[in-house]
Amino acid sequence: EVDIHKIRPEYVESFLFQDKLMLSTWIVVRIDGCHFHRFSDIHKFEKPNDEKALKLMNACAAALLEEFQDITFAYGVSDEFSFVVKKESKFYERQPSAIVSTMVSFFSTMYISKWNEFFPETELNYPPSFDGRAVCYPSSKILRDYLSWRQVDCHINNQYNTCFWMLVDSVKSKREAQNYLKGTQTQEKNDLLARNGIDYNALPDIFRRGSSIFRDKENKTLMEVNCAEDSRKKIVIEHCNIIDDDFWDSHPWILG
Ligand code: ATP
Ligand code: ATP
Ligand code: MG
Ligand code: MG
Ligand code: MG
Ligand code: MG
């Protein structure tokens, strides 16, 4: 028979593996909706881009920046968001499981609680969930390469999806549209869109460039914005090019 009073806490706890993300590196936590292909179907998202759904994602991400001061930048597209945690951060002693689980859980509950604000006419059929992972980036160059990769991905997917749904809307079945687009290059896709009266570059920035969220440098604090007794900076959402130097040159405080 087991005498539970003989189980020493040190013994049980000695099995714990204390993981720690490398010091002095930027931590990127990327979250992604679980099975959003299905979730977007069931909730009748507009294809290829439902703007309300993107704005809901942005609102949740902005709430995360409000809540966790160590997040300095966020980039989002489709059902994913990448959060950049500043390199000096001591958040949860840099334990990845604590950081990722807290952010994912906060984001998921925000998504559900803000749903009605963005989809007043659509009932939430079931509560969605998100997964997350943390990766360390040791230099601002590599961190920027990561963010550039996500923005390039946004463009490639958006261009493909815009063609795909245009074909599906006009004549083709989903499978025919898929076969038709197989192996086509960027220029061919732009030409295809142009022939059908769609100027890709005239599509809204939020679709083509995704969403970047960060704190305003201007000392326009929340105190002035909404009279809270608070010195936190205002959070802004932009749909800009984050691949070229221009953005980072004009926002040097983000990567500090
Ligand atoms: P997984 O669980 O592996 O992430 P998934 O079904 O979520 O699977 P993703 O690769 O993450 O697959 O793709 C997300 C899908 O969600 C997109 O392919 C798209 O169908 C849909 N989706 C997400 N956001 C939007 C949106 N704003 N408008 C329209 N569709 C969207
Ligand atoms: P942390 O964010 O570090 O986990 P915490 O405030 O959640 O901080 P815990 O050590 O997790 O601290 O303790 C949870 C606390 O929540 C308890 O100390 C208790 O005050 C409260 N609590 C949780 N569940 C109940 C419950 N069923 N009834 C009353 N109080 C509860
Ligand atoms: Mg996933
Ligand atoms: Mg997903
Ligand atoms: Mg995704
Ligand atoms: Mg607790």
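If a/c stays under 1.5 just call it rounded; otherwise compare a/b with b/c (prolate if a/b is bigger, oblate if not). Do that for the range 129-223, with a ≥ b ≥ c from the square roots of the Cα gyration tensor eigenvalues. Because a/c hits 1.5 or more and a/b exceeds b/c, the range 129-223 counts as prolate. Note down the nm distance, to one decimal, between modelled labels 7 Å out along Cα→Cβ at Tyr126 and at Ser139. Simple spin-label model gives 4.6 nm for this pair. Taking amide H atoms as placed 1.01 Å from N in the peptide plane, the amide H of Cys240 lies under 5 Å from those of Ser212, each 5 or more residues away in sequence or on another chain. On alpha-carbon atoms, Rg over Rh for the range 13-128 using Kirkwood Rh? Rg/Rh for the range 13-128 comes to 1.03.
Helix 96-118 and the longest principal axis of the C-alpha atoms of the chain enclose an angle of approximately 50°. Helix 140-170 and the longest principal axis of the Cα set of the chain meet at an angle near 40°. Around the Cα centre of the range 14-74, unit charges on the Cβ atoms of Lys, Arg, Asp and Glu (plus for the first two, minus for the last two) sum to a dipole of about 180 debye.
Compute the acute angle (0 to 90°) between the alpha-carbon long axis of helix 186-195 and the principal axis of greatest extent of the alpha-carbon atoms of the chain; round to the nearest 10°. Around 50 degrees separate the two axes. As I understand it, the dipole of the chain uses +1 on the Cβ of Lys and Arg and -1 on the Cβ of Asp and Glu, about the Cα centre. Which of His5, Phe81, Ser170 lies farthest toward its positive end? Farthest along the dipole direction, towards plus: Ser170.
Towards the positive end of the charge dipole of the range 93-180, with charges on Cβ (+1 Lys, Arg; -1 Asp, Glu), say which of Ser113, Thr102, Ser139 has the farthest Cα. Result: Ser139. Ordered by the count of other Cβ atoms within 10 Å of each Cβ, fewest first, Leu65, Leu56, Leu23 give Leu23, Leu56, Leu65. Pairwise Cα distances in the range 1-72 exceed 18 Å for 66 percent of all pairs.
Histogrammed with a bin width of 10 Å, the alpha carbon distances of the chain distribute as 6, 25, 30, 22, 10, 4, 2, 0 percent, first bin at zero.
Each value in this text was obtained by applying a stated rule to the coordinates, not by laboratory testing. Treat the numbers as computed from the prediction; the structure is a model and nothing was measured. Note that we place each Cβ from the backbone using ideal geometry, even for glycine, and neighbour counts take in every protein chain shown.
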